[in-house]
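The structure appears right after this line, and notes come after that.
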Amino acid sequence: MKAKRVSDKKALGRCSWCGKRIKDDMPVFGFGGRKRPGVDLTEYEGSAILISLATVPKEVICMVTATGSPAKAYGKDFMFMICSEACADEMKSVMEAEAALGNALFGNLEELRN
Ligand SMILES: [Zn+2]
(Lines give C-alpha, C1' and ligand atoms only; values in the text may rest on other atoms or scores of the structure.)
Protein backbone atom coordinates (compact mmCIF):
# COMPACT_ATOMS: atom_id res chain seq x y z
CA MET A 1 0.00 0.00 0.00
CA LYS A 2 1.20 3.50 -0.79
CA ALA A 3 0.57 6.10 1.81
CA LYS A 4 1.83 9.54 2.59
CA ARG A 5 4.08 9.54 5.62
CA VAL A 6 3.55 12.25 8.22
CA SER A 7 6.30 13.41 10.55
CA ASP A 8 5.87 12.44 14.20
CA LYS A 9 6.05 16.09 15.09
CA LYS A 10 3.01 16.79 12.95
CA ALA A 11 1.11 13.69 13.95
CA LEU A 12 1.63 13.43 17.67
CA GLY A 13 -0.63 15.42 19.92
CA ARG A 14 -3.07 16.23 17.18
CA CYS A 15 -6.63 15.00 16.77
CA SER A 16 -6.88 12.62 13.80
CA TRP A 17 -10.33 13.93 13.03
CA CYS A 18 -10.44 17.72 13.54
CA GLY A 19 -6.71 18.40 13.63
CA LYS A 20 -6.91 20.29 16.88
CA ARG A 21 -3.91 20.17 19.20
CA ILE A 22 -4.35 17.79 22.09
CA LYS A 23 -2.67 19.29 25.10
CA ASP A 24 -0.83 17.09 27.55
CA ASP A 25 -3.36 17.70 30.29
CA MET A 26 -6.37 16.88 28.11
CA PRO A 27 -7.93 13.43 28.11
CA VAL A 28 -7.08 11.57 24.94
CA PHE A 29 -9.58 9.36 23.24
CA GLY A 30 -8.47 6.85 20.75
CA PHE A 31 -9.60 3.92 18.77
CA GLY A 32 -7.92 1.44 16.58
CA GLY A 33 -8.67 -1.27 14.14
CA ARG A 34 -7.45 -4.04 12.02
CA LYS A 35 -6.35 -3.57 8.45
CA ARG A 36 -7.95 -5.58 5.72
CA PRO A 37 -6.23 -8.83 4.87
CA GLY A 38 -3.76 -8.31 2.07
CA VAL A 39 -3.00 -4.72 2.94
CA ASP A 40 0.69 -4.44 3.69
CA LEU A 41 1.61 -1.73 6.14
CA THR A 42 4.99 -3.17 7.13
CA GLU A 43 7.00 -0.29 5.76
CA TYR A 44 4.94 2.20 7.77
CA GLU A 45 5.07 0.41 11.10
CA GLY A 46 5.71 2.79 13.95
CA SER A 47 5.00 5.87 11.88
CA ALA A 48 2.08 8.07 11.08
CA ILE A 49 0.48 8.13 7.65
CA LEU A 50 -2.12 10.26 5.94
CA ILE A 51 -5.16 8.42 4.60
CA SER A 52 -7.59 9.90 2.09
CA LEU A 53 -11.14 8.90 2.88
CA ALA A 54 -13.53 7.80 0.18
CA THR A 55 -16.88 8.79 1.67
CA VAL A 56 -15.97 12.30 2.79
CA PRO A 57 -13.43 14.78 1.36
CA LYS A 58 -11.03 14.44 4.21
CA GLU A 59 -7.60 13.15 5.06
CA VAL A 60 -6.93 11.66 8.46
CA ILE A 61 -3.72 10.89 10.28
CA CYS A 62 -3.38 7.31 11.35
CA MET A 63 -0.64 5.75 13.44
CA VAL A 64 0.52 2.38 12.19
CA THR A 65 1.31 0.21 15.18
CA ALA A 66 4.71 -1.43 15.39
CA THR A 67 5.32 -5.14 15.78
CA GLY A 68 5.86 -5.88 19.45
CA SER A 69 3.87 -2.85 20.67
CA PRO A 70 0.99 -3.34 23.15
CA ALA A 71 -1.53 -2.06 20.59
CA LYS A 72 -0.34 -4.65 18.08
CA ALA A 73 -0.60 -7.36 20.72
CA TYR A 74 -4.28 -6.36 21.09
CA GLY A 75 -4.76 -6.88 17.38
CA LYS A 76 -4.70 -3.22 16.35
CA ASP A 77 -2.92 -2.51 13.10
CA PHE A 78 -3.55 1.21 13.32
CA MET A 79 -4.67 3.78 15.85
CA PHE A 80 -6.29 7.17 15.82
CA MET A 81 -5.84 9.80 18.50
CA ILE A 82 -8.96 11.83 19.11
CA CYS A 83 -9.48 15.01 21.13
CA SER A 84 -13.04 14.51 22.29
CA GLU A 85 -15.93 12.12 22.48
CA ALA A 86 -17.73 14.17 19.82
CA CYS A 87 -14.84 13.70 17.39
CA ALA A 88 -14.63 10.00 18.26
CA ASP A 89 -18.33 9.47 17.54
CA GLU A 90 -18.22 11.41 14.29
CA MET A 91 -15.06 9.74 13.09
CA LYS A 92 -16.23 6.29 14.04
CA SER A 93 -19.42 6.56 12.04
CA VAL A 94 -17.48 7.79 8.99
CA MET A 95 -14.92 5.02 9.39
CA GLU A 96 -17.66 2.43 9.59
CA ALA A 97 -18.98 3.73 6.28
CA GLU A 98 -15.43 3.52 4.88
CA ALA A 99 -15.07 -0.05 6.08
CA ALA A 100 -18.45 -0.91 4.57
CA LEU A 101 -17.18 0.21 1.19
CA GLY A 102 -14.92 -2.78 1.25
CA ASN A 103 -12.02 -1.17 -0.51
CA ALA A 104 -10.83 0.84 2.41
CA LEU A 105 -7.99 0.08 4.72
CA PHE A 106 -10.26 -0.24 7.69
CA GLY A 107 -11.55 -3.73 8.06
CA ASN A 108 -12.57 -3.98 11.63
CA LEU A 109 -12.82 -0.94 13.84
CA GLU A 110 -12.98 -1.44 17.52
CA GLU A 111 -13.22 1.24 20.08
CA LEU A 112 -10.27 1.63 22.35
CA ARG A 113 -10.38 4.17 25.12
CA ASN A 114 -7.55 5.06 27.39
ZN1 LIG B 1 -11.01 16.49 17.39
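Annotations
- Single unsatisfied condition, residue 24 versus (1) free of Cβ contacts under 8 Å to residues at least 12 places away in the same chain; (2) more than 14 Å from the ligand (Cβ to nearest atom); (3) among the acidic types (Asp, Glu); (4) in a helix (DSSP H, G or I): (4)
- Here the stretch 1-21 is the region considered, the condition is being surrounded by 17 or more Cβ atoms within 10 Å (Cβ to Cβ) and among the aliphatic types (A, V, I, L, M), and the residue that is nearest to the ligand (Cβ to nearest atom) is 11.
- Flag for residue 77 being touching a Ser or Thr at 6+ places or on another chain (Cβ under 8 Å) and surrounded by 18 or more Cβ atoms within 10 Å (Cβ to Cβ): yes
- Test set (1) within 16 Å of the ligand (Cβ to nearest atom); (2) within 11 Å of residue 61 (Cα to Cα); (3) surrounded by 14 or more Cβ atoms within 10 Å (Cβ to Cβ) - residue 30 fails condition number: (2)
- Which listed residue, of 71, 100, is surrounded by 13 or more Cβ atoms within 10 Å (Cβ to Cβ), modelled with pLDDT under 90 and not in a loop (DSSP other than H, G, I, E, B): 71
- Selected residue (only one of 109, 41, 105 is of a type in the set (A, V, I, L, M), at pLDDT below 90 and either within 16 Å of the ligand (Cβ to nearest atom) or over 12 Å from the mean Cα position of the chain (by Cα) (or both)): 41
The values are calculated or read from the model by the stated rules, or taken from the named source; none is laboratory data. Note that the structure is predicted; figures quoted are calculated from it, not measured. Cβ atoms come from the backbone with ideal geometry, glycine included; neighbour counts cover every protein chain shown.
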